[in-house]
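One structure is given here, and the rest of the page talks about it.
The numbers here are math on the coordinates, done by the rules we state, and not lab data. It should be emphasised that the depicted structure is a prediction, and the values quoted were computed from it without experimental measurement. Reconstructed Cβ throughout: ideal geometry from the backbone, glycine too, with neighbour counts over all protein chains shown.
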Amino acid sequence: MDLHRIGHEAARLLPLAQEVLEQYPFRVREVEHLATHSNVMYRVITSDGFQCVLRVGSPGANSRANIDYEVAWLSALNRDTDLEIVTPIKTGYGTMIVDAAEPGSDKTRPCVLFSWIPGAPLADGAGSFGYRLLGRISASLQEHGRTWQVPNSDGMRRWDRIFYYDPELDPVIIQSPRFDHLFDSSRRRTISKAGELSERIIEDAWATGLPHVVHGDLHEWNVHLIGSRLHAFDFEDVMIATPGQDVSVCLYSSRASERREEIRSAYRQGYEEIAPWPIEEMEQLDGFHAARQIMLMNYAARTLPMGEAEEYLAQVMPWLQGYVDYYG
């Protein structure tokens, strides 16, 4: 990861962030760079010591419509439930999204100010108790999403295929000759076969299941643990999917772990305290995992420096090959 580039990006966008913060009904004491991923995040401290996070969106990271869905669902969740989740903060004009012009560009960056999330990431070192809590909050979010009346739902992202992002945001490059250095014929054969198998799993799940609004990216790094409560954030990938697909995201990082069965058992225990278990069989869960991995491989190859992309692909290919060998 190019830390110099990240630092430059955060510094370049700092005046934009400060201008956006002027629209909120408080005085700002301090703004500092917090993190840069697809978006740039700033930690904000007000004059009375209140902490929050400003997310300066990237024009290529998400659709503007999906950000509307994100803040709408977060508002409904905060109104209807007692779940510990991030809260979008309104400007002095009552809006929750500020579309700010990028300096020296004709691009617009959608910005959202969120409440501060306490605690530390659950991460992949969590014990059984943490994964049980993850199962509970996952099922609770799904229960609300199942009945939430989505405004203009036709535009919401749907996980009804492997590459569910808008192709303008995340073009598929795996077969492109420009990426022959990352995807040789052997890798492409494995990915193609895994894609066929996982597409069939997705099609069957949508034909027989009940897709509805889900978090879409709920995993160990998007929840913080404090005491005996989990706090969930990063709802930017809110989508329509089956409950089983959403569960697979929570369990994705443990798919090749030596602790896989322990993690799955704890997560399932927590989930079933709220709702019936939605995974029909192991082949379905593995198919969802394969679909997510293929999408992430495409994203990594497209966005990471060549050395990092190769390292990532070398790390995840053995699991995908094992999937093809077992189910193919």
Sort 97, 201, 279 so that the residue with the fewest other Cβ atoms within 10 Å of its own Cβ comes first and the one with the most comes last.
97, 279, 201
Would you please name the trypsin sites (Lys or Arg not before Pro) within region 1-63 that are DSSP coil residues with at most 13 other C-beta atoms within 10 Å of their C-beta?
27
Listed with the fewest Cβ neighbours within 10 Å leading, 319, 159, 206 appear as 319, 206, 159
How many angstrom lie between the Cα centre of region 185-210 and the Cα centre of region 85-101?
38
Please give the charge dipole size of the chain, origin at the Cα centre, charges +1 on K and R Cβ atoms and -1 on D and E Cβ atoms. Round to the nearest 20 debye.
320
Averaging sequence separations of C-alpha pairs under 8 Å and six or more residues apart, then dividing by the length of region 3-116, give the relative contact order as a whole percent.
26
Packing-wise, with mean Cβ within 10 Å as the measure, how do 240-248, 299-307, 171-179 rank, highest first?
240-248, 299-307, 171-179
Express in nm, to one decimal, how much length is gained between residue 81 and residue 204 on full extension, taking 0.36 nm for each residue of separation and deducting their alpha carbon distance.
41.1 nm
Restricted to the chain, the DSSP antiparallel beta bridge percent, nearest 5, is 95
When 212, 289 are ranked with the fewest other C-beta atoms within 10 Å first, the list becomes 212, 289
Considering the values (i) 1.02; (ii) 0.99; (iii) 0.96, which represents Rg/Rh (Cα atoms, Kirkwood Rh) as calculated for the structure under consideration?
(iii)
Given the C-alpha centroids of region 20-62 and region 238-309, what is the distance between them in whole angstrom?
30
If contacts are Cα pairs under 8 angstrom and at least 6 residues apart, what is the relative contact order of region 121-327 in percent?
35
Can you list the GluC sites (Glu not before Pro) in region 157-217 that are in a DSSP coil and have 15 or fewer other beta carbons within 10 angstrom?
168
